[in-house]
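Accompanying notes for the structure given below.
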Amino acid sequence: MLTRQQDDGRYPIFETGYYALLALRILRAPPMHDPAPWIRSVVPPAPRAERPVESESVLHHPYLYARLCLSTGTGITPAVRAGLLSAVHASRTPEGRHATLVETSQALAIRAATGTPPGDDGAAAFLRRCTHPEYGYVNVPGTSPAYLEHVAAGVAAARLLGIAPSPAAGPFVLRCLTPSGGFARSVFGGTATLETTWTAVRTLTLIDTGHDSCASSMKQTSLQ
């Protein structure tokens, strides 16, 4: 992870820097060079009008950027704050496109990261509509089945809104545990990956303790 960083503190790909810096933070190991100038130089891309085919959320990159700023303690400048909130506003569901729980959760996280209260924009009501008695949460109201990332989004959104997560969320996550010791995306089987296992463990931590280091920062951080 240390060797991925260039001498000037940059990373060749944003996602590489995101995962490397978050991993180093968890390991309590500093990067070789100060990444703050590089992070400040990265402009979060505006969301597309249509959701990319390979992605569940148009807010994926702005969300990762906000999370990285909090994890590294990099202050969010007024210009970047305005851009992030503009991305959230632009992602509001246009006519003909369904809102998703993943996007709603990421929008809440971005607002919290910028010190913006969640407000009364219907997020809590939408979360309730996505609550499922068997799966905990689904990505779109009235659909099934759910996948691990949908339940993770529901739990994270609930915590950011100060709402107790669905009691079915924890059992769903545990049912995704495979004989290998890792977690799959679905209760119906599948291959466990490091990413899905991390998602499962983080979600169980949020359910059990209500504490996630970055989610906690998102609730407490104000604009710097």
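The values are calculated or read from the model by the stated rules, or taken from the named source; none is laboratory data. Being a predicted model, the structure only gives us computed values, none of them experimental. Reconstructed Cβ throughout: ideal geometry from the backbone, glycine too, with neighbour counts over all protein chains shown. These area figures cover heavy atoms from the full protein model, side chains too; ligands, DNA and RNA do not enter into them. Shrake-Rupley method; radii C 1.70, N 1.55, O 1.52, S 1.80 Å.
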When the residues of region 8-41 are filtered to those that are within 12 Å of residue 65 (Cβ to Cβ) and open to solvent by 30 Å² or more (accessible area, probe 1.4 Å), which remaining residue is farthest from the chain's Cα centre (by Cα)? 41
Kindly list, by first and then second residue, each pair from a residue in region 200-218 that is within 16 Å of residue 137 (Cβ to Cβ) and open to solvent by less than 30 Å² (accessible area, probe 1.4 Å) to a residue that is at pLDDT 95 or above and not in a helix (DSSP H, G or I), limited to pairs with Cβ atoms under 7 Å and residues at least 6 apart or on different chains. 200/176; 200/183
Flag for residue 186 being among the small types (Gly, Ala, Ser) and either part of a helix (DSSP H, G or I) or open to solvent by less than 60 Å² (accessible area, probe 1.4 Å) (or both): yes
Between residues in region 69-86 that are among the hydrophobic types (A, V, I, L, M, F, W, C) and in a loop (DSSP other than H, G, I, E, B) and residues that are at pLDDT below 90 and surrounded by fewer than 16 Cβ atoms within 10 Å (Cβ to Cβ), which pairs lie under 7 Å by C-beta distance while being six or more apart or on different chains? 76/223; 76/224
Wholly within region 106-181, which helices (runs of 4 or more DSSP H) include no fewer than the required count, namely at least 1 residues that are open to solvent by 10 Å² or more (accessible area, probe 1.4 Å), touching a residue at least 24 places away in the same chain (Cβ under 8 Å) and under 30 Å from residue 78 (Cα atoms)? 123-130, 148-161
Return yes when residue 57 is in contact with a helix residue (DSSP H, G or I) (Cβ under 6 Å, 6 or more places away or on another chain) and modelled with pLDDT of 90 or more and no when it is not. no
When every residue in region 80-113 that is at pLDDT below 90 and β-branched (Val, Ile, Thr) is compared, the one farthest from residue 70 (Cα to Cα) is 93
